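Each value in this text was obtained by applying a stated rule to the coordinates, not by laboratory testing. Not measured: the values here are computed from a predicted model. Every residue, glycine among them, receives a Cβ derived from its backbone with ideal geometry; neighbour counts consider all protein chains shown.
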Amino acid sequence: FETNFMFAATERLRFAGSFSWTDAEITDGASIGDDVVVSKGEKLPLSPEYKTSLSVEYGFPLSMFNAQGYVRADYSYVDEQTNATQGSTLLTSSTLLRGTITTMPDYSITNLMFGIEGESWSVSLALNNVADERAITYVPTRWTDGRVYSVRPRELTLNYTKYF
């Protein structure tokens, strides 16, 4: 199930969001010889049950720049998820490289942005990952050396665009 919405509360204030619920599980198992590769009822890897996002944006005129300004906040949440099925580790080429199934915890990220848009230019200042969440998005099953993949750390960005 997935749904999205956009709502203009006023001429300047807008809300948007999305929600998804996924019941992703194996309906038929599979084997290679005596090794069960995928068991019936296992959750599909990298398939969080819930994901959601919300945003709010407020626009306002900036007559001194002959431009429009805006402030925006974005929030996203990703439920916990696993990195593999039971049989994933059996499919690697070496027993030395076989990892384990890991459940990556849920996480949420908040971003903030301020911007100005002129007729032929725009500039924005954004603070992404405000809380500096070090969410793990993937733990490889093939490597057992502790490597993980994560969301980007907190970052401040400044963008300028000129339209020709």
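Is the shape of the chain best called rounded, prolate or oblate, per the rule: a/c under 1.5 gives rounded, else a/b larger than b/c gives prolate, else oblate, with a ≥ b ≥ c the square roots of the Cα gyration tensor eigenvalues? Prolate. Using the Cβ of ASN66 as centre and a radius below 11 Å, the other residues enclosed give a net charge of -2, where K and R count +1 and D and E count -1. The Cβ shell under 10 Å around ARG14 holds other residues with a net charge of 0, Lys and Arg each +1, Asp and Glu each -1. Using θ = phi - 60° in the Karplus curve 6.51 cos²θ - 1.76 cosθ + 1.60, the 3J(HN,Hα) couplings for segment 134-147 round to 9, 5, 8, 9, 6, 10, x, 7, 6, 9, 10, 8, x, 5 Hz; x is entered for Gly and Pro.
Return the aspartates and glutamates within reach of LYS51: Cα separation strictly under 19 angstrom, same-chain partners fewer than 8 residues apart disregarded; answer none if there are no such residues. In chain and number order, the partners are GLU2, ASP23, GLU25, ASP74, ASP79, GLU80, ASP106, GLU133.
Given +1 on the Cβ of Lys and Arg, -1 on the Cβ of Asp and Glu, and no further charges, what dipole in debye does the chain carry about its Cα centre, rounded to the nearest 20?
Details: 13 positive and 20 negative charges, 106 e Å.
Using only the charged Cβ atoms, the result is roughly 500 debye.
How much net charge surrounds VAL78 when only other residues with a Cβ under 12 Å from its Cβ are counted (Lys, Arg +1; Asp, Glu -1)? Spelling it out: positives minus negatives among the neighbours equals -4.
The slack between TYR77 and SER47, meaning 0.36 nm per residue of separation minus the straight C-alpha distance, is 9.5 nm.
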